[in-house]
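Structure record follows, encoded as structure tokens.
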Amino acid sequence: MSDLANVSFRIDKELKSKADALFSVLGLNMTTAFNIFLRQSVREGRIPFDISANVPNAYTPLKDISNMSEAELNSELEKGYNNMLEGKTKSASEVFDRIHREYKL
């Protein structure tokens, strides 16, 4: 077994709580998640996600489909399909980042 080192750092309590909740859903703990981040950073030779000061000018909240009629849902699906055909798409990481922000995960 390789030698292990301790790492200690301070983070906001609320951020830690949200991260713990997210990692729990993913079947991870903070140590495992941090190790994944470090290994991926070393593997790629960079931070493994984009860091940007860009804030989108337009914000569209996620649609709640739970109370939509079948016609409304079909309309939304058609809009999404047309957006895909027109190249108006987002990467999976952008989508998951937004879900995590909006649902405070």
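FYI, it's all coordinate maths here, none of it is from the lab. All values reported here derive from a predicted model rather than from experimental measurement. Cβ: placed from backbone, ideal geometry, glycine included. Neighbour counts: every protein chain shown.
The angle separating the long axis of helix 70-85 from the principal Cα axis of greatest extent in the chain is about 70 degrees. The region of the chain that goes longest without hitting one of the chymotrypsin sites (Phe, Trp or Tyr not before Pro) in a DSSP loop, each with at most 10 other Cβ atoms within 10 Å, is 10-58. Relative to the longest principal axis of the chain, what angle (0 to 90°, nearest 10) does the C-alpha long axis of helix 13-25 take? Taking the Cα atoms of the chain, the angle to 13-25 is about 80 degrees.
Across every pair of non-identical alpha carbons in segment 61-105, the mean reciprocal distance, once inverted, gives a Kirkwood radius of 12.0 Å. The angle separating the long axis of helix 30-44 from the principal Cα axis of greatest extent in the chain is about 80 degrees. Only lysine pairs 8 or more places apart or on separate chains count here, and in the chain those with Cα atoms under 27 Å apart total 14.
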